[in-house]
Amino acid sequence: MASELRLGVNVDHVATIRNARGGGHPDPVRAARAAAAAGADSIVAHLREDRRHISDDDLARLMDTIDIPLTLEMAATDEMLEIALRHAPHAVCIVPERREERTTEGGLDVASGHNHLKHFVDRLTGNKAIVSMFIEPDRRQMDASHSIGAPAVEIHVGAYCDALIEGDEAAAAAQLVRIIDAAAYGAQLGLQIHAGHGITFDTVASIAAIPEIVELNIGHFIIGEAIFGGLDSSIRRMRSLMDSARAAAQGEASA
Ligand code: PXP
């Protein structure tokens, strides 16, 4: 039987385009409904401190409207904790956040922020959210995430994807080894393993082939590609590439 590989579609950048003009179009909630219809297993939205894309109203409407699980990405701040506890999304991914960054540029340093982050994990898991820590592919960060009681981690695969897209095969291969090792190590600890950041049609296959990974969260590329072929087609193609890569890897493993 095929092992599970879920697809979370991040709708932040639908809101980015809307916010470029103000007003309500395009609506990330409409995109979320379309994503669900195209086969997304969950919707992902990052409410940033500066509200540069998703707004508080978007989050409220996503919670009210969509009938697949919502993952809220948030920084570990008191403001975001209060919002997450109030809305009670299915899952919460704790991410590092710096105002000046263009996107989430690296993983969370759970190993150093242990005491601060445990409080967030306790409160959110107490509220029935599946909490993941967004971390680099690193055993130390896996150990730290496990030790503070996080049930899940999301591996930041941006360095691998960037290296592959830039044609730096040696760097990509080295990054992939780190991801494979970290995923196996984390799964042995009992962590649910997710992956995300920078995934495209050209980079998804090797990540989807890693058997311990059960969820991919993908945003920017899917939304960007939707400009050319529509959101439905962009999501269906990603889903099909993921599923084929996973099936091929399973076939090789059982041969
Ligand atoms: N997962 C996490 C935790 C993220 O912060 C992001 C970016 O918002 C993504 C996945 C999606 O990354 P991308 O937009 O590059 O697909």
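The values are calculated or read from the model by the stated rules, or taken from the named source; none is laboratory data. Keep in mind the model is a prediction, meaning the values are calculated, not measured. Neighbour counts run over all protein chains shown; Cβ positions are idealised from the backbone, glycine included.
Can you confirm whether the range 91-98 contains a residue that is of a type in the set (Lys, Arg) and within 14 Å of the ligand (Cβ to nearest atom)?
yes
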Check: Which one is nearest to the ligand (Cβ to nearest atom), of the residues in the range 183-207 that are over 24 Å from Ile222 (Cβ atoms) and more than 16 Å from the chain's Cα centre (by Cα)?
Finding: Gly186
Check: Is it the case that the range 221-228 has a residue that's away from the ligand (no atom under 16 Å from the Cβ), without any contact (Cβ under 8 Å) to a residue 40 or more places away in the chain and at negative phi?
Finding: yes
Item checked: One residue from Ala144, Ala129 being within 28 Å of Ala37 (Cβ to Cβ) and either surrounded by fewer than 21 Cβ atoms within 10 Å (Cβ to Cβ) or away from the ligand (no atom under 14 Å from the Cβ) (or both) -> Ala129
Check: Do we have any residue at all in the range 210-219 that's within 15 Å of the ligand (Cβ to nearest atom) and outside any strand (DSSP E or B)?
Finding: yes
Check: Here are some residues: Ala195, Ala187, Ala205. Which one is surrounded by fewer than 19 Cβ atoms within 10 Å (Cβ to Cβ) and in contact with a Leu (Cβ under 7 Å, 6 or more places away or on another chain)?
Finding: Ala205
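Would you check if there is a residue in the range 58-81 being among the charged types (D, E, K, R), within 15 Å of the ligand (Cβ to nearest atom), on the phi < 0 side of the Ramachandran plot and at pLDDT 95 or above?
yes
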Checklist line | Residue check for Ala36: in contact with a strand residue (DSSP E or B) (Cβ under 9 Å, 6 or more places away or on another chain) and either touching a residue at least 40 places away in the same chain (Cβ under 8 Å) or among the hydroxyl-bearing types (Ser, Thr, Tyr) (or both) | finding: no
Margin query: Exactly one condition in (1) of a type outside the set (S, T, N, Q); (2) assigned to a helix (DSSP H, G or I); (3) away from the ligand (no atom under 14 Å from the Cβ); (4) in contact with a Ser or Thr (Cβ under 9 Å, 6 or more places away or on another chain) is false for Gly149; which is it?
Written below: (2)
Note to self: Scan the range 156-178 and tell me whether some residue there is surrounded by fewer than 23 Cβ atoms within 10 Å (Cβ to Cβ), touching a Pro at 6+ places or on another chain (Cβ under 6 Å) and of a type outside the set (A, V, I, L, M).
What the structure shows: yes
Check: Somewhere in the range 91-107, is a residue under 19 Å from the mean Cα position of the chain (by Cα), among the hydroxyl-bearing types (Ser, Thr, Tyr), within 26 Å of Thr203 (Cα to Cα) and modelled with pLDDT of 95 or more?
Finding: no
Margin query: So Gly224 passes all but one of these: (1) within 17 Å of the chain's Cα centre (by Cα); (2) within 24 Å of Asp138 (Cα to Cα); (3) loosely packed, with under 15 Cβ neighbours inside 10 Å; (4) of a type outside the set (A, V, I, L, M). Which condition number does it fail?
Written below: (2)
Note to self: Please go through the range 77-104 and give me each residue that is surrounded by 12 or more Cβ atoms within 10 Å (Cβ to Cβ), out of contact with any Ser or Thr (no Cβ under 9 Å at 6 or more places or on another chain) and closer than 21 Å to Val157 by Cα, ordered by number.
What the structure shows: Thr103, Thr104
Next item on the list: For the range 168-177, indicate whether the set of residues that are farther than 30 Å from Glu82 by Cα, at pLDDT 95 or above and part of a loop (DSSP other than H, G, I, E, B) is non-empty.
Entry: yes
